[in-house]
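Asks: This structure is in structure tokens; I'll ask about it shortly.
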Amino acid sequence: MFHETYERMTQFASSGPAFEEELKRARREFEVLTGELFETDLSFERRIGSFLEWYVLDRPLSFAPNKTPTLLYIESVAAGLTTPELNRLRGLTRTLLSLYEFKRAKGDHLLLVDLMDNTKLAVFERRKPVGLEPGDVFEARLFPYDDQVLMTESFTFHPREARKAIKRACKVYRKAVVPPPKVELVHRVAYLTNRSERYKHVDPAKIFAELDSYRADGGQRPPATNDSAAG
């Protein structure tokens, strides 16, 4: 269900002059937040997938304040849907993009902990991602579907050497009186993972040491630098 519906949403959100310009603007914003996108990178397809999900499902449109492409799409098709179909579609407005720790697989479910609010989740997923081990930390987007919680296709492993730094930052986030949107820390961690993949000669633990200065009050943000000039 998700794949076909999401493909239609993506097509809707990239058609016509207004959306085409919005897509370009969103990509520039995403690169500032998570690092530049180069087609030569091994992670290019994965990161483009993450970008498109963020653009379609999360990012408010400049020409439609407080509305995402997903909300506009739902408005455009709602009249032709049954109530159950509409409810399922609206589930895509309640996705949970966060940092998760994998605990174990149990039957058709992955047992996870959302590190940003310390909640436990059972995600319906018959196929365990290749290489996933207990304790691994990753970025994923979950969404409700009927009585289950499912995972979208966008899935990013973070370096195992960075686990402690990521978990410390998440602990700081949880202690914030008024925490910022989860996506800010998610994107910062993605930025550092991107750097780790690009600069393989540097220990990921050293790159992720930046997170030790993370403050959930807005005092720390991903640097708006050009990765090609970094080293």
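The values are calculated or read from the model by the stated rules, or taken from the named source; none is laboratory data. On a predicted model such as this, the values are computed, not experimentally measured, just so you know. A quick note on method: Cβ atoms are made from the backbone with ideal geometry, for glycine too, and the neighbour counts reach across all protein chains shown.
To keep it simple, each residue is scored yes or no on (1) surrounded by fewer than 18 Cβ atoms within 10 Å (Cβ to Cβ); (2) within 30 Å of K164 (Cβ to Cβ); (3) in contact with a strand residue (DSSP E or B) (Cβ under 7 Å, 6 or more places away or on another chain); (4) small (G, A, S).
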{"position": "F38", "(1), (2), (3), (4)": "yes, yes, no, no"}
{"position": "S50", "(1), (2), (3), (4)": "no, yes, yes, yes"}
{"position": "R94", "(1), (2), (3), (4)": "yes, no, yes, no"}
{"position": "E101", "(1), (2), (3), (4)": "no, yes, yes, no"}
{"position": "N118", "(1), (2), (3), (4)": "yes, yes, no, no"}
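Asks: Taking the range 34-61, which residues are hydroxyl-bearing (S, T, Y) and at pLDDT below 95?
Replies: T40, S43
Condition check ((1) modelled with pLDDT of 95 or more; (2) out of contact with any Asp or Glu (no Cβ under 6 Å at 6 or more places or on another chain); (3) closer than 29 Å to K67 by Cβ) across all residues:
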position: A105; (1), (2), (3): no, yes, no
position: L111; (1), (2), (3): yes, yes, no
position: E139; (1), (2), (3): yes, yes, yes
position: D147; (1), (2), (3): no, yes, yes
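Asks: Going residue by residue through the range 67-87, is there one that turns out to be loosely packed, with under 13 Cβ neighbours inside 10 Å and in contact with a Leu (Cβ under 9 Å, 6 or more places away or on another chain)?
Replies: The answer is yes; a qualifying residue exists.
Asks: Being assigned to a strand (DSSP E or B) and small (G, A, S) is the filter here, so list the residues in the range 123-160 that pass it.
Replies: Answer for the range 123-160, where residues must be assigned to a strand (DSSP E or B) and small (G, A, S): A140, S154.
Asks: May I pose another question? Quick check on this structure: which one of E22, E7 is under 26 Å from L150 (Cα atoms) and among the acidic types (D, E)?
Replies: E7
Asks: In the range 132-152, which residues are aliphatic (A, V, I, L, M), more than 14 Å from the chain's Cα centre (by Cα) and either over 19 Å from W54 (Cα atoms) or buried (at least 20 other Cβ atoms within 10 Å of the Cβ) (or both)?
Replies: Scanning the range 132-152 gives a single hit, L132.
Asks: Any idea which of (1) in contact (Cβ under 8 Å) with a residue 12 or more places away in the chain; (2) farther than 15 Å from L192 by Cβ is the one A162 doesn't satisfy?
Replies: Evaluating A162 over (1) in contact (Cβ under 8 Å) with a residue 12 or more places away in the chain; (2) farther than 15 Å from L192 by Cβ leaves (2) as the failure.
Asks: Looking at (1) within 17 Å of the chain's Cα centre (by Cα); (2) surrounded by fewer than 21 Cβ atoms within 10 Å (Cβ to Cβ); (3) in contact (Cβ under 8 Å) with a residue 60 or more places away in the chain, can you tell me which one H187 breaks?
Replies: All conditions are met except number (2).
Asks: Another question, then. Pull up the range 27-36, narrow it to residues that are over 18 Å from S14 (Cβ atoms) and touching a helix residue (DSSP H, G or I) at 6+ places or on another chain (Cβ under 8 Å), then point me to the one that is surrounded by the fewest Cβ atoms within 10 Å (Cβ to Cβ).
Replies: E36
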